[in-house]
Amino acid sequence: MVEDDPEFSCSLRELLENANYAVENVEDGHQALLRLGQGLPQAIILAWNLPRLGGTAVLEWTRRRSSIPVLVISGSPLESVFTNAFALGADDFLSKPFSGQELLVRLSVRLGQAQQRIPPRTQLGNLLVDWARAEVYRGSQPVLLTPLEFQLLQALYRHRDRVLTRPWLLENVWGHGEVGGDRLIDASVKRLRRKVGAHMIQTVRGLGFRLAFP
């Protein structure tokens, strides 16, 4: 949860913990990005107007790396806040004041939809991938991936029905385009192949990459 109002965040935390959710709270956008860089939660409740870095920056950063549910909350009466949040990829929007029950219902629905998009664990050949914990195992042995390598594997799995181009990967996994981007992608795919198996990732000549497993 990213909320800078101590009294409001305290009441939300109590509400969520009473509903058996584990909650972490940070007070500004900068702290949020530092925490998210350590590992993604199952969902984010995101205040829009935050000190240091606003909700816009946090949502953009998250969407470049994950499709976890993001529920935006705001006390602003402006319609532009609502439309901008959804345009940037928010899953839901609640205007203050709102009831605790409404928040719990919406959060439950969004988490249920997210679970339908990707299972918590997936068997890929001889690998077991725990998406929730960002862990990969070959038998009982962990396969150590960097956060970026795991995000690359997740992108390939999530979009396994199509070929992912290098520009798409640069924008959606790395979050930017840059000179030499093709070499960056190729080097990262090469390192990931060494760890998960060269057969796992196919190169489609002239197009990009795709996961070799359904």
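Please treat every number below as a calculation from the coordinates, not as lab data. These numbers come from a predicted model, not from an experiment. No Cβ is skipped: glycine too gets one built from the backbone with ideal geometry, and neighbour counts run over all protein chains shown.
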Please list the non-local residues whose amide H lies under 5 Å from the amide H of Leu94, H modeled 1.01 Å from N, same-chain partners needing a gap of 5 or more.
Val72, Ile73, Ser74
For the chain, find the longest principal axis of its Cα atoms and tell me its angle to the long axis of helix 181-196, 0 to 90°, nearest 10.
80
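Defining a contact as two alpha carbons under 8 Å apart and six or more residues distant in sequence, what relative contact order in percent does the chain show? Intermediate values should be presented prior to the final figure.
On the way: 278 pairs, mean separation 29.5, N = 214.
Worked out over the chain, it gives 14 percent.
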So what is the relative contact order of region 121-211, in percent, for Cα pairs below 8 Å that sit 6 or more residues apart?
24
Below 8 Å between Cα atoms, with a sequence gap of 6+, how large is the relative contact order for region 6-117 in percent?
22
Using modelled amide H (1.01 Å from N, peptide plane; none on Pro or chain starts), what sits under 5 Å from the amide H of Val143, excluding residues fewer than 5 places away?
Val136, Tyr137, Arg138
Would you mind listing how long region 6-117 runs along its three principal axes, going by Cα atoms, in whole Å with the largest first?
31, 30, 25
Looking only at the chain, where both bridge partners belong to it, what percent of the DSSP beta bridges are antiparallel (to the nearest 5)?
65
Give me a comma-separated list of calculated 3J(HN,Hα) values for region 75-92, in order, Karplus coefficients 6.51, -1.76, 1.60 applied at θ = phi - 60°, integers in Hz, x for any Gly or Pro.
x, 6, x, 6, 5, 4, 5, 4, 5, 5, 4, 5, 5, 8, x, 5, 8, 7
Rounded to a whole number, the Stokes-Einstein D of region 121-211 in µm²/s (Kirkwood radius over Cα pairs; 10 °C; 1.306 mPa s) is 119
Difference of contour (0.36 nm per residue) and Cα-Cα distance, Ser76 to Gln38
10.6 nm
Whole percent per 5 Å bin, from 0 to the bin with the longest distance: what is P(r) over all C-alpha pairs of region 67-166?
2, 10, 17, 16, 15, 13, 11, 9, 5, 2, 0
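On alpha-carbon atoms, Rg over Rh for region 52-101 using Kirkwood Rh? Intermediate results must be reported in sequence, preceding the final value.
Working: Rg = 11.1 Å, Rh = 11.4 Å.
On the Cα set of region 52-101, Rg over Rh gives 0.97.
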Can you tell me the orientation of helix 147-158 relative to the chain, as the angle in degrees between its alpha-carbon axis and the longest Cα principal axis, to the nearest 10?
90
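Given a Förster radius of 41 Å and the C-beta distance between Arg63 and Gln141 as r, what FRET efficiency does 1/(1 + (r/R0)^6) yield to the nearest 0.05? Before the final figure, lay out each step's value.
On the way: r = 33 Å, r/R0 = 0.80.
It comes to 0.80.
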One checks the Cα atoms of the chain and finds Rg and Dmax, in Å, of 18.7, 56
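Pull out the extension gain between Ser108 and Gln123, defined as 0.36 nm times the separation in residues minus the alpha carbon to alpha carbon distance; nm, one decimal.
Between Ser108 and Gln123, full extension yields 2.8 nm more.
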Reduced to Cα centres, the span from region 184-209 to region 29-54 in Å works out to 31
Starting at the first residue of region 130-144, write each ³J(HN,Hα) from the Karplus equation 6.51 cos²θ - 1.76 cosθ + 1.60 with θ = phi - 60°, in whole Hz, x for Gly and Pro.
9, 5, 5, 9, 6, 10, 10, 10, 10, x, 9, 9, x, 9, 7
